[in-house]
Amino acid sequence: TRGCRFNCDFCSVIRINGRGQRHREPAVVVDELRVRTEMPGRPPGTPIVVFLTDDDLAADQDYAGALFEAMASANLPVRFAAQTSIGLAGNPELLEAAAAAGAALFFVGFESVTRDALVEANKKNRPGEYAKLVRRLHDADIAVEGGFIFGFDAHRPGVFAETVTAADAIGVDTAHFTILTPLPGTQTFSRLHGEGRIFDYDWSHYNAYRTLFHPQHMSPATLDGGLRWAYNAFY
């Protein structure tokens with residue numbers, strides 16, 4: 001799929017691919033997967049592992065259900081990973097279909113463990129539900145990689161330890177920590193640029209792992225160091 005129905009302030013997806021979603025026919029996806037399972041040199045019975053690079057596979061749950069059903073019906077030796085919003089775990093039928101289709105891991109953008117930061121980012125996640133939803137994915141034998149962003153105005157220096165503790169408590173299998181990045185075209189860029197807070201306009205630095213603006217409640221050095229600390233502390 002291309003496009004996303006959500007409108008998170010920091011995200012460039014809808015600025016590049018649009019707000020509406022465009023889908024490929026499930027049968028076409030299954031045919032492409034079948035070709036990959038028949039590639040020469042693959043030992044018989046060995047599953048292939050693929051990553052479906054949709055920005056949010058479950059943004060359109062009707063389509064996701066049709067895709068999962070088609071994949072499961074084809075009975076291919078495929079295990080897949082994908083990026084998806086946590087809402088998928090709140091739909092028992094869709095979750096069951098994903099597991100039957102061969103889902104092995106979902107990357108989930110939790111973004112923050114504090115509701116204030118999520119409101120700031122125009123993100124609908126509810127931190128109080130994280131643990132329950134991760135548990136549902138685990139019950140379906142699906143691993144979870146949690147994505148967390150540091151640097152929202154609601155964040156203070158204690159956010160690093162708070163996030164690491166919460167990520168461990170909700171049970172994510174791996175964690176991906178990044179720094180809020182004001183990508184051109186996003187609401188985050190417009191706001192921070194308008195406030196004169198962006199100090200680095202070298203686009204090669206816009207990689208989500210370095211501070212490019214003046215945070216509200218900490219120094220850029222604290223934000224940079226906090227990211228490294230979080231990786232070391234979690235792992």
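The values are calculated or read from the model by the stated rules, or taken from the named source; none is laboratory data. Just so it is clear, the structure is predicted and the values come from calculations on it, not from any experiment. Positions of Cβ are backbone-derived with ideal geometry, glycine not excepted, and every protein chain shown enters the neighbour counts. Quick note on the areas: whole protein, heavy atoms, side chains included, nothing else; ligands and nucleic acids left out. Shrake-Rupley method; radii C 1.70, N 1.55, O 1.52, S 1.80 Å.
Of the residues that sit in region 6-33 and are more than 27 Å from residue 102 (Cβ to Cβ) and among the basic types (Lys, Arg), which one is surrounded by the fewest Cβ atoms within 10 Å (Cβ to Cβ)? Talk me through it step by step, then tell me what you get.
Filtering region 6-33 for residues more than 27 Å from residue 102 (Cβ to Cβ) gives 7-12, 14-16, 18-20.
Filter once more, so that each one left must be among the basic types (Lys, Arg): 15, 19.
Values: 15: 15, 19: 12.
So the residue we want is 19.
Results for (1) among the hydroxyl-bearing types (Ser, Thr, Tyr); (2) in contact (Cβ under 8 Å) with a residue 24 or more places away in the chain; (3) touching a Leu at 6+ places or on another chain (Cβ under 9 Å); (4) open to solvent by less than 40 Å² (accessible area, probe 1.4 Å), shown as yes or no for each residue.
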position	(1), (2), (3), (4)
180	no, yes, yes, yes
189	no, no, yes, yes
192	no, no, yes, yes
196	no, no, no, no
199	no, no, yes, no
210	no, yes, yes, no
215	no, yes, yes, yes
222	yes, yes, no, no
229	no, yes, no, no
Problem set entry | Residue check, residue 67 closer than 30 Å to residue 164 by Cβ and either within 17 Å of the chain's Cα centre (by Cα) or crowded, with 17+ Cβ neighbours inside 10 Å (or both) | no
Problem set entry | region 25-44 residues that are within 14 Å of residue 75 (Cα to Cα) and among the basic types (Lys, Arg), paired with ones that are modelled with pLDDT of 95 or more and assigned to a helix (DSSP H, G or I) (beta carbon under 7 Å, 6 or more apart) | 34/74
Exercise. Which of the residues belonging to region 136-177 are buried (at least 19 other Cβ atoms within 10 Å of the Cβ) and of a type in the set (Ser, Thr, Tyr)?
Worked result: 163
Exercise. Residue 123 is checked against (1) modelled with pLDDT of 95 or more; (2) under 15 Å from the mean Cα position of the chain (by Cα); (3) basic (Lys, Arg) and fails just one. What number does that condition carry?
Worked result: (1)
Problem set entry | Count of residues meeting criterion [farther than 16 Å from residue 25 by Cα, open to solvent by 40 Å² or more (accessible area, probe 1.4 Å) and modelled with pLDDT under 95] in region 48-64 | 2
Problem set entry | Residue selected from region 114-124 under the condition within 15 Å of residue 163 (Cα to Cα) and not charged (D, E, K, R), by the criterion surrounded by the fewest Cβ atoms within 10 Å (Cβ to Cβ) | 114
Exercise. In region 98-122, which residues are within 22 Å of residue 63 (Cα to Cα) and not in a helix (DSSP H, G or I)?
Worked result: 102, 103, 104, 105, 106, 107, 108, 109
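Kindly evaluate residue 76 against the criterion of being touching a Leu at 6+ places or on another chain (Cβ under 9 Å), modelled with pLDDT of 95 or more and of a type in the set (A, V, I, L, M).
no
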